[in-house]
There are 2 protein chains.
Amino acid sequence: MSDKKISTAVIKRLPRYYRYLGELLENDIVRISSNELSQRMGVTASQIRQDLNNFGGFGQQGYGYNVNHLYKEIAKILGLENHYSVIIIGSGNLGQALANYTDFEKRGFVVKGLFDVNPRLVGISVRGMDVQDMDQLKDFVVENNIDIAILTVPKTKAPAIANDLCEWGIRGIWNFAPVDLQISNFDVVVENVHLSESLMTLSYRIKDSY
Amino acid sequence: MSDKKISTAVIKRLPRYYRYLGELLENDIVRISSNELSQRMGVTASQIRQDLNNFGGFGQQGYGYNVNHLYKEIAKILGLENHYSVIIIGSGNLGQALANYTDFEKRGFVVKGLFDVNPRLVGISVRGMDVQDMDQLKDFVVENNIDIAILTVPKTKAPAIANDLCEWGIRGIWNFAPVDLQISNFDVVVENVHLSESLMTLSYRIKDSY
């Protein structure tokens, strides 16, 4: 396939294609036309053709797309063929829920450790790992070449922890704290999940539907 | 204020304004200029002025915005002055984490009940509520006029539960199951939180930063 740059708009849609193609694979569907995929995804067929044309000649007139091939190609673009070492900082219910998402591990995100400041949580076992005290965080990150930190800590604690993680060589932060992290290190990528904002959008749409 | 329709693009940015204004209030800041707000939020001052002009004459030359007034006005637009009765279906770690988010209750989303099929979870107490068996779901939804259901169930279970909820008069579904729910009832609003897709976006950006 070509090395041309894929637009941000397409990139943002890729995880959704990836999810749908994964479901087709689970159902042993080996090929699909853009019209069929269009119906399933609720996107126009022409949008699908345009988007997937970025990945070279997988779609063929009268054949459609080879599901497995396209799935793997999108995985490559998304960097999912890599394996990422992940830690979870904040091991309450949300941290534990994320540790137990087996889907993440299937996609290459392997949780190597969990951390918390709360003595009631330190030492408990989550998915076969003992929750560690925050004192041990620095050594663990450095010794295990941790790539990604998942932050499920209060918003008042998140900025300082994020700064430390950047110094210790982390590459990405998946932030669930309700604060926009200002990271001065441009090599570190932050992806925020602001759950409250999603709930407010739901509220707006409920109100607006009346 | 006027009754003119506010554009979707502005609506999508409102929860973020709301969050920042809430932080200003917490810090006892009563007014702020668009320039100051711009620096904090990393958005241009002209974008902020344009967006907030939708809410009438709150910004005054040489004074800036009255934080409390603007905060309340945005809350109204988002429907946050309403109180919503919420249930959580799926009371594992994620469901419990969401039940314990006190921020949601502050914004009017009051959790009234939790449900699960798992006998190990039915009967346990989460935030003073006993997790109920799914058998009791229908009566509970109807008798308590539940507005919003939070779904943290497997993707194979989510569509059937969502359809039942629509029949029983629910108004909104906050869906954490990794599936796009097809709801035929247009009065019911669905907001999806696809955590895997956010993680894939992080993966792409880490890969792209090299």
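Which one is surrounded by the fewest Cβ atoms within 10 Å (Cβ to Cβ), of the residues in the range B:164-181 that are more than 7 Å from chain A (Cβ to nearest Cβ), touching a Leu at 6+ places or on another chain (Cβ under 9 Å) and not charged (D, E, K, R)?
At the first step, the residues of the range B:164-181 found to be more than 7 Å from chain A (Cβ to nearest Cβ) are B:164-170, B:173, B:175-177, B:179-181.
After this cut, where a residue has to be touching a Leu at 6+ places or on another chain (Cβ under 9 Å) as well, the list is B:164-165, B:168, B:173, B:175-177, B:181.
Checking which are not charged (D, E, K, R) leaves us with B:165, B:168, B:173, B:175-177, B:181.
On the way: B:Leu165: 26, B:Trp168: 15, B:Ile173: 24, B:Asn175: 25, B:Phe176: 22, B:Ala177: 23, B:Leu181: 19.
Checked the range B:164-181; the qualifying residue surrounded by the fewest Cβ atoms within 10 Å (Cβ to Cβ) is B:Trp168.
Which one of these is over 30 Å from A:Leu137 (Cα atoms) and surrounded by fewer than 20 Cβ atoms within 10 Å (Cβ to Cβ): A:Val67, A:Val10?
Exactly one of A:Val67, A:Val10 is over 30 Å from A:Leu137 (Cα atoms) and surrounded by fewer than 20 Cβ atoms within 10 Å (Cβ to Cβ), namely A:Val10.
Is it fair to say A:Val193 is over 19 Å from A:Gln136 (Cα atoms) and assigned by TED's automatic domain parsing to the domain that holds A:Phe115? First the steps, then the outcome.
Values: over 19 Å from A:Gln136 (Cα atoms): yes; assigned by TED's automatic domain parsing to the domain that holds A:Phe115: yes.
Taking the combined requirement at face value, the residue satisfies it.
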Tally time: how many residues in the range B:131-162 are closer than 16 Å to B:Asn192 by Cα and touching a strand residue (DSSP E or B) at 6+ places or on another chain (Cβ under 8 Å)?
-> 9
Give just the number: which of (1) surrounded by fewer than 19 Cβ atoms within 10 Å (Cβ to Cβ); (2) within 13 Å of another protein chain (Cβ to nearest Cβ) does A:Phe140 not satisfy?
-> (2)
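Test of understanding: among B:Ser125, B:Ser184, which residue is more than 9 Å from chain A (Cβ to nearest Cβ), surrounded by fewer than 18 Cβ atoms within 10 Å (Cβ to Cβ) and farther than 30 Å from A:Gly90 by Cα?
When all the criteria are applied, what remains is B:Ser184.
Scan the range A:82-104 for residues that are more than 9 Å from every other protein chain (Cβ to nearest Cβ) and modelled with pLDDT under 90 and jot them down. Full working, then the answer.
Initially, the range A:82-104 is screened for residues more than 9 Å from every other protein chain (Cβ to nearest Cβ), giving A:83, A:85-91, A:102.
Selection gives A:Thr102 alone.
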Evaluate the following for B:Asp116: is it farther than 17 Å from A:Leu202 by Cβ, over 16 Å from the mean Cα position of the chain (by Cα) and surrounded by 19 or more Cβ atoms within 10 Å (Cβ to Cβ)?
-> yes
From the list B:Val179, B:Val190, which residue is of a type in the set (Val, Ile, Thr), more than 16 Å from the chain's Cα centre (by Cα) and within 25 Å of B:Val117 (Cα to Cα)?
-> B:Val179
Counting only residues that are more than 14 Å from every other protein chain (Cβ to nearest Cβ) and not in a strand (DSSP E or B), which one in the range B:62-71 is farthest from B:Met129 (Cα to Cα)?
-> B:Gly62
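With surrounded by 17 or more Cβ atoms within 10 Å (Cβ to Cβ) and at the interface with another protein chain (Cβ under 10 Å from one of its Cβ atoms) as the only criterion, which of A:Val153, A:Val193 stands out? First the steps, then the outcome.
Numbers: A:Val153 fails: at the interface with another protein chain (Cβ under 10 Å from one of its Cβ atoms).
None of the others qualify; the one that does is A:Val193.
Taking B:Leu78, is it buried (at least 22 other Cβ atoms within 10 Å of the Cβ) and either more than 21 Å from A:Ser203 (Cβ to Cβ) or not aromatic (Phe, Trp, Tyr) (or both)? Full working, then the answer.
Values: buried (at least 22 other Cβ atoms within 10 Å of the Cβ): yes; either more than 21 Å from A:Ser203 (Cβ to Cβ) or not aromatic (Phe, Trp, Tyr) (or both): yes.
Yes, satisfied.
The values are calculated or read from the model by the stated rules, or taken from the named source; none is laboratory data. The structure displayed is predicted, hence computed values, not measured ones. Ideal geometry is used to build each Cβ from the backbone, glycine not excepted, and the neighbour counts take in all protein chains shown.
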